[in-house]
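The values are calculated or read from the model by the stated rules, or taken from the named source; none is laboratory data. Note that the coordinates shown come from a computational prediction; the quantities given were computed from them, not determined experimentally. Please note: Cβ atoms are built from the backbone with ideal geometry, for glycine as well, and neighbour counts cover all protein chains shown. Quick note on the areas: whole protein, heavy atoms, side chains included, nothing else; ligands and nucleic acids left out. Shrake-Rupley method; radii C 1.70, N 1.55, O 1.52, S 1.80 Å.
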Amino acid sequence: MNARRVLVAYGTKAGATAGIAEEIGRTLRDDGFDAVVLPAHTVTDVSGYDGVVLGGALYAGHWTGEARRCARRNAEQLRHRPLWLFSSGPIDSCAEQHEIPPVRGVARRVQQLGAREHRTFGGAVTAETSGPVARAMVRRGKGGDFRNPERIRAWAHQIGTELERAREPFRVGDVEPAG
Ligand SMILES: Cc1cc2nc3c(=O)[nH]c(=O)nc-3n(C[C@H](O)[C@H](O)[C@H](O)COP(=O)(O)O)c2cc1C
């Protein structure tokens, strides 16, 4: 049987979200999937994929524009395949301690696109991150890399398990007898 094709698309400004997407892609490949990792702005057709994972970095309470536009541009096809969304944001360990719900705009997309799940991962602001806000955060000791590879990999394994389950053939025993 051919390996299932999975697209992992990401919207980033400074690269942290790309790193999360690469980790998801690597884990899915280790699990036997044909996983492709692409910047969201390059994604114009998802019809060749059995499942899609789309993530965006959070800035001022919104996904980056390229993640939003990717979701909008491909909405029709995304609605018809297994879809998972993620956000990369908090610059502290809160995403480790409890599930952080999606920001409003992303929650709306979860509904509209029928995504199976949304996950928020810790993000990163480091000396390499450009922009005055990032520089000020680092200067005041408020930066750091809060991406947790174990948590990211665990989620990717879970996606792989669900994709495998989706391909399992129908079994008579799965249905309760009527009456
Ligand atoms: C100017 C600025 C605004 C940010 N706004 C948010 C925010 O609203 N919510 C959040 O959780 N994280 C916020 N962050 C943290 C980023 O989401 C985090 O650094 C993310 O990992 C960046 O991803 P990227 O490197 O892929 O662009 C902000 C960071 C900066 C520098």
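Numbers below:
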item: Residues satisfying the stated conditions in the stretch 69-81, i.e. crowded, with 16+ Cβ neighbours inside 10 Å and within 20 Å of Ala14 (Cβ to Cβ); result: Cys70
item: Leu38 vs. criteria over 24 Å from Val133 (Cα atoms), open to solvent by 20 Å² or more (accessible area, probe 1.4 Å) and within 16 Å of the ligand (Cβ to nearest atom); result: yes
item: Counted residues, the stretch 99-123 - those being within 14 Å of the ligand (Cβ to nearest atom) and either in contact (Cβ under 8 Å) with a residue 60 or more places away in the chain or not in a helix (DSSP H, G or I) (or both); result: 11
item: Failed item, numbered, when Asp92 is tested on (1) over 30 Å from Arg165 (Cα atoms); (2) among the charged types (D, E, K, R); (3) not in a loop (DSSP other than H, G, I, E, B); result: (3)
item: Matching residues, the stretch 1-35, being open to solvent by 60 Å² or more (accessible area, probe 1.4 Å) and acidic (Asp, Glu); result: Glu22, Asp30, Asp31, Asp34
item: Within the stretch 125-154, considering residues that are of a type outside the set (Gly, Ala, Ser), in a helix (DSSP H, G or I) and in contact (Cβ under 8 Å) with a residue 40 or more places away in the chain, the one surrounded by the most Cβ atoms within 10 Å (Cβ to Cβ); result: Ile152
item: The stretch 44-57, subset within 15 Å of the chain's Cα centre (by Cα) and small (Gly, Ala, Ser), residue farthest from the ligand (Cβ to nearest atom); result: Gly51
item: Members of the stretch 19-60 found to be among the basic types (Lys, Arg) and under 16 Å from Phe121 (Cβ atoms), listed by number; result: Arg26
item: Some residue of the stretch 58-68 being more than 11 Å from the ligand (Cβ to nearest atom), free of Cβ contacts under 8 Å to residues at least 60 places away in the same chain and open to solvent by less than 10 Å² (accessible area, probe 1.4 Å); result: no
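One line per residue, one yes/no per condition, for (1) within 13 Å of the ligand (Cβ to nearest atom); (2) in contact with a helix residue (DSSP H, G or I) (Cβ under 6 Å, 6 or more places away or on another chain); (3) under 20 Å from Arg151 (Cα atoms):
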residue: Ile24; (1), (2), (3): no, yes, yes
residue: Thr42; (1), (2), (3): no, no, no
residue: Arg72; (1), (2), (3): no, no, no
residue: Phe86; (1), (2), (3): yes, no, yes
residue: Ala95; (1), (2), (3): yes, no, yes
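Each row is one residue, and each column tells you yes or no for (1) basic (Lys, Arg); (2) at negative phi.
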position	(1), (2)
Ile100	no, yes
Arg109	yes, yes
Thr120	no, yes
Glu128	no, yes
Gly131	no, no
Arg147	yes, yes
Arg151	yes, yes
Gln158	no, yes
Leu163	no, yes
